[in-house]
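Notes for the one structure printed next.
The values are calculated or read from the model by the stated rules, or taken from the named source; none is laboratory data. What you are looking at is a predicted structure, and each value in this text was computed from that prediction instead of being measured. All Cβ positions, even for glycine, are placed from backbone atoms using ideal geometry, and neighbour counts span all protein chains on display.
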Amino acid sequence: MPDFGKKRKFENEQDRGLKKPYRDNPNSLRHTLETSSTNGLPSLPQIDEKYRSVVFTHPSQVPGNVHASYDRLEFLGDAYLELFATQLIFDRFPNLDPGKMSQIRESLVRNETIGQYSSLYGLDKQIQGYKQFQNQAPHAWLKIKGDVFEAYVAAVILTDADEGKLAKKWLHQLWDPKLQAALTANDGPSKKSKEELAKRILAKGVKINYVDEKEPIVHYGQGKETYFIGVYLTGWGWDNQYLGSGKGSSRVEAGQAAAAAALNNRPLIDEIAAKKAESYAQRDKEAVKKDEIGKV
């Protein structure tokens, strides 16, 4: 069994074997995906009704009943996400070293990414009692959204009769913008990434917050440190929305890296920019109308 690398929740676990999914209805799904008219995302594959209530049930809602919550599906979906991401990166980047491939894979499967997908597809609002979970600490709510996405992936695989081909195609399309950004990325972030991000989405009453995600790592004997910064948006209808993360040898460098990651965080950043453009267009329209009234 090949080692698919380490992930946020399984750093000390042994490799997990992947079994072929249960075959339900051989005619249940076709392997065609169209782009959704909302958010520019590929359409969400359907799942069998018998999995729906399980996918959206938090373990705390059904204590002691492991088959009634998303726990088991999340476990399966987590493994497939890593596998599909690994295969995609391995094929797309034939000359990339394993260390860099691992970094790209982590950017695809981390909770910040898949939790965002849950929100964009509206999966989070289908969680039973989602409002009570939404009011939890941001990192706890983010993990729940990530878990639900993993469970949904597993449900798609179990619904599909062809061993996960539909799920794989869907995820590859979903991840493609991030991979395109990785293909065109320079060795380091632009020193103007913060300025570029502000230009795209900042306006009066809108806030972009750069926060320390964790304590800096001190590299003893090397005379340097590594800082970890996350960038969040409040405004345009979003409240403390995660945009991206970065690291660097200083807070300034890490902040620029976070801003660069945010600029590549499509389709979310495009949706936010569109909201800004729409607001400005409406403002200009009202100004013209007011000017015309003043001339009467």
Output yes when any residue across the stretch 84-103 is in contact with a strand residue (DSSP E or B) (Cβ under 9 Å, 6 or more places away or on another chain) and not basic (K, R), and no when none is. no
At least 2 residues that are free of Cβ contacts under 8 Å to residues at least 12 places away in the same chain in each: list the strands (runs of 3 or more DSSP E) lying fully within the stretch 196-238 that qualify. 217-219
Is it the case that the stretch 90-98 has a residue that's closer than 18 Å to Y130 by Cα and among the aromatic types (F, W, Y)? no
Assess whether A161 counts as being of a type in the set (A, V, I, L, M) and not in a helix (DSSP H, G or I). yes
Given (1) over 22 Å from the mean Cα position of the chain (by Cα); (2) farther than 30 Å from Y121 by Cβ; (3) of a type outside the set (S, T, Y), Q256 misses just (1)
List every residue pair whose Cβ atoms lie under 8 Å apart, where the two residues are 6 or more positions apart in sequence or sit on different chains, the first residue falls within the stretch 59-79 and is over 29 Å from L108 (Cβ atoms) and in the same structural domain as A155 (by the TED database), and the second residue, located anywhere, is surrounded by fewer than 16 Cβ atoms within 10 Å (Cβ to Cβ) and among the aromatic types (F, W, Y). none
Are there any helices (runs of 4 or more DSSP H) wholly within the stretch 30-146 with 3 or more residues that are of a type in the set (D, E, K, R) and either surrounded by fewer than 18 Cβ atoms within 10 Å (Cβ to Cβ) or modelled with pLDDT of 90 or more (or both), and if so which? 49-55, 71-92, 98-109
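Per-residue answers, yes or no, for (1) crowded, with 17+ Cβ neighbours inside 10 Å; (2) in the same structural domain as N95 (by the TED database):
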position	(1), (2)
I157	yes, yes
L166	yes, yes
I208	yes, no
Y220	no, no
I229	yes, no
N240	no, no
